[in-house]
1. Within region 36-53, can one find any residue that is farther than 22 Å from Tyr547 by Cβ, part of a helix (DSSP H, G or I), touching a helix residue (DSSP H, G or I) at 6+ places or on another chain (Cβ under 9 Å) and assigned by TED's automatic domain parsing to the domain that holds Ser404?
2. Within region 292-313, take every residue that is of a type outside the set (Gly, Ala, Ser) and part of a loop (DSSP other than H, G, I, E, B) and give me the one that is nearest to Ala62 (Cα to Cα).
3. Restricting to region 500-548, give me the number of residues that are assigned to a strand (DSSP E or B) and either out of contact with any helix residue (DSSP H, G or I) (no Cβ under 9 Å at 6 or more places or on another chain) or surrounded by fewer than 21 Cβ atoms within 10 Å (Cβ to Cβ) (or both).
4. Pairs, please: C-beta under 8 Å, at least 6 apart or cross-chain, first residue closer than 20 Å to Gly448 by Cα and in region 460-482, second at pLDDT below 95 and among the aromatic types (Phe, Trp, Tyr)?
5. For region 537-544, state whether one or more residues are in contact with a strand residue (DSSP E or B) (Cβ under 8 Å, 6 or more places away or on another chain) and aliphatic (A, V, I, L, M).
6. Test Ser455 against the criterion of being surrounded by fewer than 13 Cβ atoms within 10 Å (Cβ to Cβ), touching a strand residue (DSSP E or B) at 6+ places or on another chain (Cβ under 8 Å) and in a loop (DSSP other than H, G, I, E, B), and give yes or no.
7. Of Thr132, Thr145, Thr138, which residue is surrounded by fewer than 18 Cβ atoms within 10 Å (Cβ to Cβ), hydroxyl-bearing (Ser, Thr, Tyr) and part of a strand (DSSP E or B)?
8. Does Arg294 fit the bill of being surrounded by fewer than 17 Cβ atoms within 10 Å (Cβ to Cβ) and either modelled with pLDDT under 95 or basic (Lys, Arg) (or both)?
Amino acid sequence: MVVGKLILEKHKADFCVIGGGTAGICAAISAARNGVKVILIHDRPVLGGNASSEMRMHISGADVHNKIKNMRETGLIEEMRLENLRRNPNKNFSIFDTILYEKVKFEKNILLFLNTSCLSAKTKGSKILKVTGWQLTTQKYIEVTAKIFCDCSGDGILAPLSGAKYRVGREAKKEFNESLAPDRANPYTMGMTCLFSAENTGKPVKFEPPKWANVYKSCEDLPYGRSGHEWIKMGYWWIEMGGKKDTISDTEEIRDELLKTVYGIWDHIKNHCEDRKKAVNWDLNWVQFLPAKRESRRYIGAHVLSQNDIAAEGRFDDIVAYGGWPMDDHNSGGIGKREYVKTATIFHKTPIPYGIPFGMLYSKNIKNLMFAGRDASATHMAFSSTRVMGTGGIMGEAAGVAASIAVKKKVSPAQVKEKYIKELQQSLINEDCYIPWLTQEYSGIMNGAQLTSSSGDASVLIDGVNRPVNEISHRLDLKNNGWVKCRLKKSCYVKELTLIFDSMMEKNLQMSRHQKDDQLAKLPVKLVKAFIVKADGKTIFTSDDNYQRYVKIGVGKKIRTIEVKLTGTWGSKKTGIYALWVK
């Protein structure tokens, strides 16, 4: 179809995801792998959002940079992190872009539109019928009709386009009885940030700032004083502005001010700082031009997560994910002098973990609208914890699986909660998504199965918990060439085998240029690299280059026994396995 002299392309899908950050990627892939047709629309040339090469932020989550052991997110987030560790040991963000692109582009059932901004939505009653985007590179309009839509755009673009209820800013203390909220509601948000990257060239490098850059002659002109910019490789989170402006409509203006600040800070480091001798050989090699946003619109869902929900550990009947990052409430005023340091951000402790309910992932008034990530349904205080990308990713995975159930059952997201919440929870656990206080349930051909191993009690592999919890490992530890055998009650058709290996949850696993002492720089040494699978004594699968924790292997025939022999790791003489089951 031609609109004027421009082309309008029309597409249909079961599930349309707007926004390709971590939440949107996980929503799209999880729905697609569960058999529904997905279209993912993303307004940038690369996927990843704040984690992409355009912004280069590490994916933080409930483990709080591994301060809390065994709390990092599994499922798709773990899959992407391990893939990146395997293929991108030098932590090049463009390679990470490529890995995310491959995950989406070559996933069966996903049609990807990059460089496409959502412009409009057509609704009927309380449902969205279709959305239209503009693809900058092809100068085409892209129209998508779908059964369910999921807004993972961060800015909640479908809210004003569809009439979905949303809010911006901080709620008053009395509205949700939140002790940390202000006495009066206000429209202020957290600001946005531009980072930089620098490298040691091994020889002196001069820096002449742009004439329009800000000037910071004293360390006391900057947050945290002299200690706040000792590490000069990759910029600072406190280069933050815009919280008292509109973080959507004022973005261009805020970006201009952030660039003045970034260049001014580098000028300070090179030319004015008391420690400038340390930076003599350092040179800028990248400056972020697209600000990384923290907060804008938040949808109002069936449930609005609050500070008190988090304090009570979030033990919801419809729990589908978890958080653990502290309530990290940045001051809306943004960057300021050292006397401002006490309020640049305030960390309020949270229980670790706390539960995230399905009710905060779908709209209160638009029946077929879901969301995940920083635009999910939460008060400002709760959002200050849930906003991090690791948490957003597992929200997205939950939303994608829920959408697949809704499509197959021909129901709304609200009806998934009412009728199929246990199915959703068990589907997520089966896909290696951890849900606190719930255990995996085994049925069908696993009933009466006997598990044995070369050492230890193999029954731990079907105890329903696939990570260490409360000092209990829930893991079978084996030496190289150890084995595990599953004998079914009787011979029956087995579609596939699932294994969950030890990827060393106690370690820090991030895509970050900030290398910490406990951060994995190569694949976990205990992770199984090589293994052999036999069915009724015959080899059906071998691997000598595994680098994933969660592994599915097709079987496709009638068998009685299945045996897995672990023949090699990525460096350790010992390894571990959390789960083995067939279906």
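The values are calculated or read from the model by the stated rules, or taken from the named source; none is laboratory data. Given the structure is predicted, the values throughout are model-derived calculations rather than measurements. Ideal geometry is used to build each Cβ from the backbone, glycine not excepted, and the neighbour counts take in all protein chains shown.
1. Let us first name the residues in region 36-53 that are farther than 22 Å from Tyr547 by Cβ, namely 36-46, 49-50, 52-53.
Right, trim to part of a helix (DSSP H, G or I) and you get 49-50.
Going one step further and asking which of them are touching a helix residue (DSSP H, G or I) at 6+ places or on another chain (Cβ under 9 Å), we end up with 49-50.
Filter once more, keeping what is assigned by TED's automatic domain parsing to the domain that holds Ser404: 49-50.
Yes, region 36-53 has at least one match.
2. Taking region 292-313 first, the residues of a type outside the set (Gly, Ala, Ser) are 293-295, 297-300, 303-305, 307-310, 313.
Going one step further and asking which of them are part of a loop (DSSP other than H, G, I, E, B), we end up with 293-295, 300, 303-304, 313.
Details: Lys293: 20, Arg294: 17, Glu295: 19, Ile300: 23, His303: 21, Val304: 20, Glu313: 13 Å.
Per the stated criteria, the residue is Glu313.
3. 17
4. Ile462/Tyr442; Gly464/Tyr442
5. Yes - at least one qualifying residue is present in region 537-544.
6. Values: surrounded by fewer than 13 Cβ atoms within 10 Å (Cβ to Cβ): yes; touching a strand residue (DSSP E or B) at 6+ places or on another chain (Cβ under 8 Å): yes; in a loop (DSSP other than H, G, I, E, B): yes.
Yes; evaluated as a whole, the condition is true for this residue.
7. It is Thr145.
8. It is false that Arg294 is surrounded by fewer than 17 Cβ atoms within 10 Å (Cβ to Cβ) and either modelled with pLDDT under 95 or basic (Lys, Arg) (or both).
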